[in-house]
Amino acid sequence: MTFVGPFSYRLTMKIEPQWAEIIKRVVGLKNDEEQRNFGTKLKEHLQADRMLHRHYDFTEFFDSSSGLTTKFQRVHTDGKSYSGFVGDFRDAGYL
């Protein structure tokens, strides 16, 4: 495919991490009993900035005539969401 002249695009991604699988691999939980016990510990020690249950919407806009690339990120967590323009798509917090 050959492009002639200026072009632009909008790329939108929705990311819904499988947090149970991520925790199982990161923590090294081997069976269902270990997973239940770890889940109980998580519920006992709640933290506001925990990443569990978050999901994300990422949108990148590009315009070749201006050379401008803009990134917009929305983070959904606990019935709330926050969003804004970002330099890179990312999130930080505790599992």
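Overview of values
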read-out	value
Per residue accessible area of the chain, 1.4 Å probe, in Å²	78 Å²
Distance (nanometres) between label positions extended 7 Å along Cα→Cβ at Glu34 and Phe85	4.7 nm
Using a Förster distance of 41 Å, the FRET efficiency for Glu44-Thr70 (Cβ separation, nearest 0.05)	0.45
Lysines whose Cα lies under 26 Å from that of Lys14, excluding same-chain neighbours fewer than 8 positions away	Lys24, Lys71, Lys80
Heavy-atom accessible surface of segment 43-87: percent carbon and sulfur, 1.4 Å	55 percent
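The values are calculated or read from the model by the stated rules, or taken from the named source; none is laboratory data. No experiment lies behind these values; they were computed from the predicted model shown. Counting neighbours? That spans all protein chains shown, and the Cβs are built from the backbone with ideal geometry, glycine included. Surface accessibility is based on the protein's heavy atoms, side chains included, excluding ligands, DNA and RNA. Shrake-Rupley method; radii C 1.70, N 1.55, O 1.52, S 1.80 Å.
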